[in-house]
Amino acid sequence: MLAAEKVHTLSIARPQADQFRLAALHRYHILDTPACEDFSFLTELAAKVCEVPYAFISLVDAERVWIKSCAGMQLGELPRGESYCSLAVLGEAATEIPDLTQDFRTAHMPLTVNAPFMRMYSSVALTSSDGFAIGTLCVMDTKPGGLSAGQHATLVKLARQVMALIELRANQKTLESAVRELEQLATTDELTGLHNRRSLLHRLKFEAARAKRFRSPLSAVMIDLDHFKRINDEYGHAVGDQVLASVGRLLRESVRVIDVPGRYGGEELCVILPNTPVEGACKLAETLRAKIEAQLHYAGPRLLPVTASLGVGSFDHMGIADAESLLRQADDSLYRAKHAGRNRVECGPT
């Protein structure tokens, strides 16, 4: 059988600590990410400096070699056993094969026996900060040969730049994730998952200013769990916390994306409703009241009934036209609901 007819998948040897190498690779979260101009520039520069038509930045995953960037041809990924780069993570800092057809490991690989009929391969390992080879910067040619000492030295430097860029992008992602987590911690009430008081009031001021500017409707619903002190006194604060957490989850699942549900303080909750007139707010408040009453809570094996009183305030762009007056009206409505027997909704002024 002619060599050109034999497409061979090599059973590639694997480093003893390949699982740790893979962990190092996956830590960078770079696999299957979109093309990037910075990586493309380094790949093209490697091909130009080494005076070859092809260059790749490759990352060696568990069963595949994924190409982050390429010059000279488009290539997305190869099975690990069909890629020259799988040889480059076996421990050597650099790998050069002057004639791929003369090396038993590569002679029958697809890129050797099929177009473009690669002959020369030279690579430098991309080494993680903890010393694992996660991939390569490699160059290839359809003619046998090798790199000069100067070209190889430059390829080594370019590989360091590639790795530095991978590290930078990973650090940026880690930083962005940390910032998002800190923002979440700063704005979220840990028990209920709702906006905390500070975040709630901040969002309310923003929505009030926008409603005032565009003369759009804005409403707020104040929610107070009935006889909540009795629950804490009779069953303990752990049960009370479970009730609050469940009601918080109910609120998050019952409002729109644009709405702002928050914990105003203690067992008192609040929902800010942008672009919502008083009629819509009262309808939502009644829906919430019914859902809270229907929600099941337990103190050990005992079923624990929980109800809530709700008060609605709404902009009228006259007496009620700022955040403070809106909350005051909603709080006055809540006061009426509690004194009228609880487990009910009161809307707007008397």
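The values are calculated or read from the model by the stated rules, or taken from the named source; none is laboratory data. What you see is a predicted model, and the numbers here were worked out from it, not measured in a lab. Glycine also receives a Cβ, built like all others from the backbone with ideal geometry; neighbour counts cover every protein chain displayed. In case anyone asks, the SASA skips ligands and DNA or RNA and just uses the protein heavy atoms, side chains included. Shrake-Rupley method; radii C 1.70, N 1.55, O 1.52, S 1.80 Å.
Screening the stretch 171-200 for residues that are in a loop (DSSP other than H, G, I, E, B) and either closer than 26 Å to LEU100 by Cβ or acidic (Asp, Glu) (or both) and picking the one that is most open to solvent (accessible area, probe 1.4 Å) gives GLU190.
Check the stretch 325-340 and report whether any residue there is in the same structural domain as LYS212 (by the TED database) and part of a loop (DSSP other than H, G, I, E, B). Working first, answer last.
Taking the stretch 325-340 and keeping what is in the same structural domain as LYS212 (by the TED database), we get 325-340.
Okay, now just the ones that are also part of a loop (DSSP other than H, G, I, E, B), so 340.
Checking the stretch 325-340: at least one residue is in the same structural domain as LYS212 (by the TED database) and part of a loop (DSSP other than H, G, I, E, B).
Every residue, every condition in (1) open to solvent by less than 90 Å² (accessible area, probe 1.4 Å); (2) under 18 Å from the mean Cα position of the chain (by Cα); (3) in contact (Cβ under 8 Å) with a residue 40 or more places away in the chain, yes or no:
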{"position": "ARG169", "(1), (2), (3)": "yes, yes, yes"}
{"position": "ALA211", "(1), (2), (3)": "yes, no, yes"}
{"position": "PHE214", "(1), (2), (3)": "no, no, no"}
{"position": "SER219", "(1), (2), (3)": "yes, no, yes"}
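Give the stretch 21-48 a look and list any residue that's open to solvent by 80 Å² or more (accessible area, probe 1.4 Å), modelled with pLDDT of 90 or more and of a type outside the set (D, E, K, R), or say none.
To start, the set of residues in the stretch 21-48 that are open to solvent by 80 Å² or more (accessible area, probe 1.4 Å) comprises 26-27, 29, 32, 34-35, 37, 41, 44, 48.
Next, from what is left, pick out any that are modelled with pLDDT of 90 or more: 26-27, 29, 32, 37, 41, 44, 48.
Within the stretch 21-48, HIS26, HIS29, PHE41 meet the criteria.
Inside the stretch 230-267, can you point out the residues that are closer than 24 Å to LEU201 by Cβ, open to solvent by 10 Å² or more (accessible area, probe 1.4 Å) and touching a residue at least 60 places away in the same chain (Cβ under 8 Å)? PRO261, ARG263, TYR264, GLY265, listed by residue number. Cβ-Cβ contacts under 8 Å between residues 6 or more apart (or on different chains), taken from a first residue in the stretch 297-313 that is free of Cβ contacts under 8 Å to residues at least 24 places away in the same chain and in a strand (DSSP E or B) to a second residue that is open to solvent by 40 Å² or more (accessible area, probe 1.4 Å) and not aromatic (Phe, Trp, Tyr), are listed as LEU303/LEU296.
Scanning the stretch 149-167 for residues that are more than 39 Å from the chain's Cα centre (by Cα), within 19 Å of GLU44 (Cβ to Cβ) and surrounded by fewer than 16 Cβ atoms within 10 Å (Cβ to Cβ) yields a single hit, GLY150. Just so you know, in the stretch 52-66 the residues that are assigned to a loop (DSSP other than H, G, I, E, B) and modelled with pLDDT of 95 or more include one that is least open to solvent (accessible area, probe 1.4 Å), and it is VAL52.
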